[in-house]
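Participant: First, the structure itself, so that you have it in front of you.
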Amino acid sequence: MAFCNSCGAPLNEGTKFCNKCGAAASGAPAAVAQPMAPGPPPSKGGSSALKIILIIVGVIVLIGVLGMVTCGIVIHRAMKNAHVSQKGDNVKVETPFGNMETSTDPDKTAQELGVEIYPRAQVQKAGTASVTFGSLHTVTANFESSDSVEKICDFYRQKFPSAQVASSDQNRCSIVSGDKGNSTTVTVQSSGDGSRFTIVSMTKKSQD
């Protein structure tokens, strides 16, 4: 016969608790702790989004670096293959992309511009440039005159009667004439006791 470990009262077989003091019998099985269910795994959504953003930024940076390297290579080759020649005040630069020529010869300037130069106007030294890129030919020349802005503008308004006058006052005027890819722009502004004006002629050459 079994006895209670707490009060010594006799216990019947199979009794789990003492009828006298209520203490657990020594043969009763101990309660087994139930294992806790594992929690849900941590979300990886934020980490995936961060990885995607970093990949996109990396691709953009890589494209920018490749673009800069390519541009540098092209410029380096162009400079390496460029040819510069000078004859007096005339400088000619030949590159794989086109040619540029500067001149201070008024007669040559007038011929290149294809525009009549205002009487007694003086072409400025190093103020003439003739540039050809592909089929586009651009000539720019700067001049000075002792006459007023109004007189010079009136002169070129008569030469280009259908031209647009972008702006006009006592100190400045701009005249723009264009047709079928060709354009001429005359910009006049006051300078001291006279005027300074620039003529830009753009001509698109026909492809043979």
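The values are calculated or read from the model by the stated rules, or taken from the named source; none is laboratory data. Small disclaimer: the values here were computed from a predicted structure and weren't measured. When we count neighbours, we look across all protein chains shown, and the Cβ atoms used for this are built from the backbone with ideal geometry, even at glycine.
Participant: Identify, please: which residue in the range 82-106 is modelled with pLDDT of 70 or more and either part of a helix (DSSP H, G or I) or among the hydroxyl-bearing types (Ser, Thr, Tyr) (or both) and is, among those, surrounded by the most Cβ atoms within 10 Å (Cβ to Cβ)?
Facilitator: Top of the filtered list is Thr95.
Participant: When you scan the range 8-28, do you find a residue that is among the small types (Gly, Ala, Ser), under 30 Å from the mean Cα position of the chain (by Cα), modelled with pLDDT of 65 or more and not in a loop (DSSP other than H, G, I, E, B), even just one?
Facilitator: Just the residues of the range 8-28 that are among the small types (Gly, Ala, Ser), to begin with: 8-9, 14, 22-28.
Keeping just the survivors that are under 30 Å from the mean Cα position of the chain (by Cα) gives none.
Looking through the range 8-28, none of the residues is among the small types (Gly, Ala, Ser), under 30 Å from the mean Cα position of the chain (by Cα), modelled with pLDDT of 65 or more and not in a loop (DSSP other than H, G, I, E, B).
Participant: Of all residues in the range 139-173, count the ones that are surrounded by fewer than 18 Cβ atoms within 10 Å (Cβ to Cβ), hydroxyl-bearing (Ser, Thr, Tyr) and touching a residue at least 12 places away in the same chain (Cβ under 8 Å).
Facilitator: Result for the range 139-173: 4.
Participant: Which condition from (1) under 36 Å from the mean Cα position of the chain (by Cα); (2) modelled with pLDDT under 75; (3) on the phi < 0 side of the Ramachandran plot; (4) among the hydrophobic types (A, V, I, L, M, F, W, C) is the one that Ala110 breaks?
Facilitator: It fails just one condition, (1).
Participant: Just to be sure before I move on: is Ala141 within 28 Å of Thr184 (Cα to Cα), of a type in the set (Gly, Ala, Ser) and either in a strand (DSSP E or B) or at pLDDT below 75 (or both) in the structure I sent? I'd like the intermediate steps shown before the answer.
Facilitator: Numbers: within 28 Å of Thr184 (Cα to Cα): yes; of a type in the set (Gly, Ala, Ser): yes; either in a strand (DSSP E or B) or at pLDDT below 75 (or both): yes.
Spelling it out, Ala141 is indeed within 28 Å of Thr184 (Cα to Cα), of a type in the set (Gly, Ala, Ser) and either in a strand (DSSP E or B) or at pLDDT below 75 (or both).
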